[in-house]
1. Search the range 78-92 for residues that are more than 12 Å from K111 (Cα to Cα) and pair each with any residue that is outside any helix (DSSP H, G or I) and acidic (D, E) when their beta-carbon atoms are under 7 Å apart and the residues are at least 6 apart or on different chains.
2. Which of the residues spanning the range 124-135 are touching a residue at least 40 places away in the same chain (Cβ under 8 Å) and either surrounded by 19 or more Cβ atoms within 10 Å (Cβ to Cβ) or not hydrophobic (A, V, I, L, M, F, W, C) (or both)?
3. When both residues are 6+ apart or on different chains and their Cβ atoms are under 6 Å apart, which pairs have a first residue that lies in the range 395-411 and is assigned to a helix (DSSP H, G or I), and a second that is surrounded by fewer than 20 Cβ atoms within 10 Å (Cβ to Cβ)?
4. If the Cβ limit is 9 Å and pairs must be 6+ apart or interchain, which residue in the range 157-185 that is surrounded by fewer than 24 Cβ atoms within 10 Å (Cβ to Cβ) pairs with which residue that is acidic (D, E) and not in a helix (DSSP H, G or I)?
5. How about the range 397-419: which of its residues are among the β-branched types (V, I, T) and under 20 Å from V588 (Cα atoms)?
6. Being surrounded by fewer than 12 Cβ atoms within 10 Å (Cβ to Cβ), at pLDDT 85 or above and either on the phi < 0 side of the Ramachandran plot or out of contact with any Phe, Trp or Tyr (no Cβ under 6 Å at 6 or more places or on another chain) (or both) is the requirement here; does V253 meet it?
7. Among what's in the range 46-67 and is β-branched (V, I, T) and assigned to a helix (DSSP H, G or I), pick the residue that is farthest from the chain's Cα centre (by Cα).
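The values are calculated or read from the model by the stated rules, or taken from the named source; none is laboratory data. Given the structure is predicted, the values throughout are model-derived calculations rather than measurements. Note that we place each Cβ from the backbone using ideal geometry, even for glycine, and neighbour counts take in every protein chain shown.
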Amino acid sequence: MFVGPVFTREFTIAPRRLRVYVARSVYVGSLLGLMVIAWLMLTGTQLVRDVGDLARFGTIVFQILAPLQLVVAVFFSAVLAASAVSQEKDRRTLILLLLTNLSNSELVLGKLLASLLGMLVLLVAAAPLFMASILLGGISFSQVGQMGAVTLASVLVCGSLGSTVALWREKAFQSLTVTVMAIVLWVVFWEVVAAGVLGAEWAGLSCEAWAAGLSPWRAVLETTVPLAQPEPALGPLAHPVYLYMVVAAAGAVLINGVAIAMVRVWNPSREAQPREQEEPSRQKESIWGVEHDLAASARQEPAAPAAVRPAGAVARTRRVWDNPVLWREMRTWAYGRRILLIRLVYLLLFGMAAGGLIWMTHAGAAIDRGEGALALAPLFLLSLFLVNTQAVTSLTSERDARAMDLLLVTDLTAKEIVYGKLGGVVYNTKEMIVLPILLCGWLWWQGVLGTENLIFLTVGLLVLFAFAAMLGIHAGMNYFNSRTAVAVSLGTLFFLFVGMATCMRMMVAFSGSFQAQLQPFVAFTIGGGIGLYVALGARNPSTAIGVASFACPLATFYAITSFLLDKPMAVFLVTIVAYGFMTAAMLVPAVCEFDVATGRTTIED
């Protein structure tokens, strides 16, 4: 079989853990819980009199759950595929696979399908729930089938992208961030096209149809439209959804074809390759005041004798700071030189968000609260995810490379390690932190934001950035498996912001009476608090983390509700109190109980 050995290694030899089965139950149970909450919201504020009302309920629920499942599937398929390959690289086991008689297709496709199998199983487990929702009315079997096909195609193409990028790049942080930003850039570009910025029609087809045929987000939204009309310009494909399926399948084949052809060219990387025997080009470097032959060094020839050094000459050295962890994070290329590429891609995405706001300003359109949030929220979320990714990979990469064990046997204190890592996270993601705040300052300069709201927004963002960084450090310290640490860290952010935003989308869709709808959400937020505590505090129980785990979902729910009710002071206070407390709850044990968190056996004075 072309994927047999690697696929068998991942999912046949390894025993099934309890969390594999729990994940399927939790995922389906969460979707069912959202449907129940939506029903309670509907019956609590309106009267359901006939089958027409029931059909409208089924349509709205499908329009909420289908995009949510797509976002979950795309995000985790890309992240898990990239982290699976990155873990093999960090542990140097990918080189062992390259030394076997595995073909390129067996290596690439086997690893890809192994990393995607968990997500595919979740989609299969949720399929009966979507089929049962047809009984409510308002949706058809073809819509559910199209939604499932679009989601499956998106999983394959995004997972292929994550796997290929990870095979190309050497560092886990580079792989994860490039993958996430590529997907965001893909979706944002076609959203710009659908908005008509680049024209209303291309080749006889509307830009909305082009976006639906080339963007996963637009394609899944198209499947939720009842009785969608065919597009004559598409010919035999008829609907943009079918165009997307063809494009996604071709994209997955092309991306995997590139990975299969280049996997042994990219790996091992230049850092891992032995020096070539041929004499390299002769270069000169001034050391000790004499010309030193780098070609001789490459051949490992003996260095020039000390007698040739001029009197008083001193060898050039690099002074290490008092905190060597912080020095390594800030003064070396610890995450590779290609991290500059990540910054350039982020600048491109930032430019698109800022350009949209500037375009609306110069067009004479007043930017209200909703439009501003729609333009800034994706940029803020992307920045939070990038900061969190940098934080969690800064520890998982050390652990996979066995460098963490070396740090633990030195005389470094817990504060030096933790604060050094946090300082490195802030330094390496400074563009992701500073640029959104500067954009908020520009909105204040244009009169869109008041001074009070600018202070609220700036301080709130800084608190959230600190929370995202500390969450990554906490997950990296508590989970020895890199994929688990990345999934827990990013999944926590995903639940707190995307999950709560979905709940608020339901509230807006059914009614604006937030007080009447609060009770149905209490059970959901309590369940989320339990899951949050299991993910963050079960390994090292802490009362503070337990309180914060239940407070953060409720606080996020209340903050979004207050934003919709135009209460900025409430949003600010609940954000800094809840997430500030959660940050402190994770930081204090990290620096005071470092031995327990990392398994360190030495006792510090």
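1. The qualifying pairs are K89/E170.
2. Those that are touching a residue at least 40 places away in the same chain (Cβ under 8 Å) and either surrounded by 19 or more Cβ atoms within 10 Å (Cβ to Cβ) or not hydrophobic (A, V, I, L, M, F, W, C) (or both): A126, F130, S133.
3. D400/R91; L408/R600
4. Matching pairs, first to second residue: E170/E271.
5. Step one: of the range 397-419, the residues among the β-branched types (V, I, T) are 409-410, 413, 417-418.
Passing the criteria: T413, I417, V418.
6. Values: surrounded by fewer than 12 Cβ atoms within 10 Å (Cβ to Cβ): no; at pLDDT 85 or above: yes; either on the phi < 0 side of the Ramachandran plot or out of contact with any Phe, Trp or Tyr (no Cβ under 6 Å at 6 or more places or on another chain) (or both): yes.
Considered against the rule, which asks whether it is surrounded by fewer than 12 Cβ atoms within 10 Å (Cβ to Cβ), at pLDDT 85 or above and either on the phi < 0 side of the Ramachandran plot or out of contact with any Phe, Trp or Tyr (no Cβ under 6 Å at 6 or more places or on another chain) (or both), V253 comes out as no.
7. Quick first cut of the range 46-67, residues β-branched (V, I, T) only: 48, 51, 59-61, 64.
Now restrict to residues that are assigned to a helix (DSSP H, G or I): 51, 59-61, 64.
On the way: V51: 41, T59: 29, I60: 27, V61: 26, I64: 21 Å.
The selected residue is V51.
Here's the yes/no breakdown for (1) in contact with a Gly (Cβ under 9 Å, 6 or more places away or on another chain); (2) among the β-branched types (V, I, T); (3) assigned by TED's automatic domain parsing to the domain that holds I260:
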| residue | (1), (2), (3) |
| --- | --- |
| A78 | yes, no, yes |
| E88 | no, no, yes |
| I95 | no, yes, yes |
| E106 | yes, no, yes |
| L109 | no, no, yes |
